[in-house]
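The values are calculated or read from the model by the stated rules, or taken from the named source; none is laboratory data. Bear in mind that the values here come from a model prediction, so they are computed numbers and not experimental data. All Cβ positions, even for glycine, are placed from backbone atoms using ideal geometry, and neighbour counts span all protein chains on display. The protein model used for the area step is the full one, side chains on, heavy atoms only, and it has no ligands, DNA or RNA in it. Shrake-Rupley method; radii C 1.70, N 1.55, O 1.52, S 1.80 Å.
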Amino acid sequence: MTSSAAPGLAALSPRLPSPLQEVADHRFTRRGLRLLLKRDDLIHPELTGNKWRKLAPNLRAAAGRTVVTFGGAYSNHLRATAAAGRLLGLPTVGVVRGQELAERPLNPSLARCVADGMRLHFVDRSTYRRKAEPETLAALLRAAGAEEAHVVPEGGSNALAVRGCRALGEEVGEHADVVALACGTGGTLAGLAAGLVPGPHALGIPVLRGGFLAADIEALQERAFGARQGTWSLDERFHFGGYARVPAELDAFAEDFTARHGVPVERLYVAKLLYGLVVLAGEGAFPRGTTIAAVVTGRPFPAPA
């Protein structure tokens with residue numbers, strides 16, 4: 001790490017620890033439950049939530065080199081990496097799933113990446129699925145002209161990121177019995193669970209279909225800490241059909257939650273988390289007296305004015 005890498009991040013003035021806000025919601029209070037919001041969306045106006053926690057250690061490790069990372073057409077992670085590159089003066093390359101997208105107008109998410117200085121490299125979906133294979137990765141880096149880059153995996157989840165997310169659990173401390181968050185690649189939950197004091201339970205709400213995430217989280221914890229850490233589980237029922245699927249019911253739920261509590265609800269992750277918690281509360285999944293902390297991992301895109 002160069003001596004200038006860490007001061008560059010400090011100059012961005014992250015708000016840490018992020019606030020823990022209690023909200024009075026009758027769907028919880030009538031069942032004897034407290035709902036807290038861990039406002040990671042307030043860490044930084046552009047590098048919000050778990051994106052800050054996962055990117056910061058990787059940006060330090062990049063030490064001024066180009067950062068290459070991966071994502072789909074609506075990836076929050078790509079946008080956050082592009083914003084970090086602009087703010088810190090680091091070159092960034094985004095490897096985007098779907099060669100066909102290269103011939104189409106950029107959607108607002110990818111357009112934001114380009115506006116922030118990210119160079120996009122589109123690849124076919126078959127190659128993208130093999131991106132973790134050493135030979136495929138090396139070929140991708142050559143094709144992108146970034147062979148010496150620091151590589152961050154899709155979603156930002158690697159051992160560095162997982163260790164960075166451990167602070168999230170440490171910040172919650174003994175304030176909650178259950179700490180819940182929406183999961184994409186699982187890195188944030190892997191670190192959160194490791195950082196919790198003994199007793200609290202980490203609950204993950206996957207936003208993708210497939211049932212693969214538990215094994216991925218265990219593998220991430222093994223790489224980061226040498227073994228499975230903390231007490232955690234997943235509830236796979238609230239993905240609403242998969243990533244970037246936001247049916248009218250979920251959109252209406254998010255609008256209602258914002259109207260009730262004044263908290264902007266990001267749709268791809270946070271809305272699914274909060275919806276799942278309301279359902280679980282209604283099912284009696286939490287004993288009376290339980291305090292639940294829901295991690296607000298990001299803000300809507302585009303951000304509210």
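Note on region 229-246: residues that are open to solvent by 50 Å² or more (accessible area, probe 1.4 Å) and over 17 Å from Val179 (Cβ atoms) total 5. Taking each residue of region 161-180 that is without any contact (Cβ under 8 Å) to a residue 60 or more places away in the chain and more than 16 Å from Trp232 (Cβ to Cβ) and looking for partners that are among the β-branched types (Val, Ile, Thr) and in a loop (DSSP other than H, G, I, E, B) with beta-carbon atoms closer than 8 Å, six or more apart or interchain, yields Gly173/Val197; Glu174/Val197. Considering region 154-176, and only residues there that are not polar (S, T, N, Q) and not in a helix (DSSP H, G or I), the residue that is surrounded by the most Cβ atoms within 10 Å (Cβ to Cβ) turns out to be Ala176.
Scanning region 99-133 for residues that are open to solvent by 40 Å² or more (accessible area, probe 1.4 Å) and over 24 Å from Glu46 (Cβ atoms) gives Gln99, Glu100, Ala102, Glu103, Arg104, Asp124, Arg125, Ser126, Arg129, Arg130, Ala132, Glu133.
Of the residues in region 67-98, how many are over 17 Å from Leu160 (Cα atoms) and either open to solvent by 10 Å² or more (accessible area, probe 1.4 Å) or not aliphatic (A, V, I, L, M) (or both)? Steps first, please.
Taking region 67-98 first, the residues over 17 Å from Leu160 (Cα atoms) are 71-76, 78-79, 82-83, 85-98.
Pick out the ones that are also either open to solvent by 10 Å² or more (accessible area, probe 1.4 Å) or not aliphatic (A, V, I, L, M) (or both) and you get 71-76, 79, 85-92, 94, 97-98.
Here the count works out to 18.
The residues of region 6-48 that are open to solvent by 20 Å² or more (accessible area, probe 1.4 Å), at pLDDT below 95 and not in a loop (DSSP other than H, G, I, E, B), listed by number, are Ala6, Pro7, Gly8, Ala10.
Suppose the filter is open to solvent by 30 Å² or more (accessible area, probe 1.4 Å), under 20 Å from Pro302 (Cα atoms) and without any contact (Cβ under 8 Å) to a residue 24 or more places away in the chain; does Ala139 pass it? Spelling it out, it is not the case that Ala139 is open to solvent by 30 Å² or more (accessible area, probe 1.4 Å), under 20 Å from Pro302 (Cα atoms) and without any contact (Cβ under 8 Å) to a residue 24 or more places away in the chain. Here Leu203 fulfils each of the conditions (1) under 16 Å from the mean Cα position of the chain (by Cα); (2) under 18 Å from Ser75 (Cβ atoms); (3) open to solvent by 10 Å² or more (accessible area, probe 1.4 Å); (4) without any contact (Cβ under 8 Å) to a residue 40 or more places away in the chain apart from (2).
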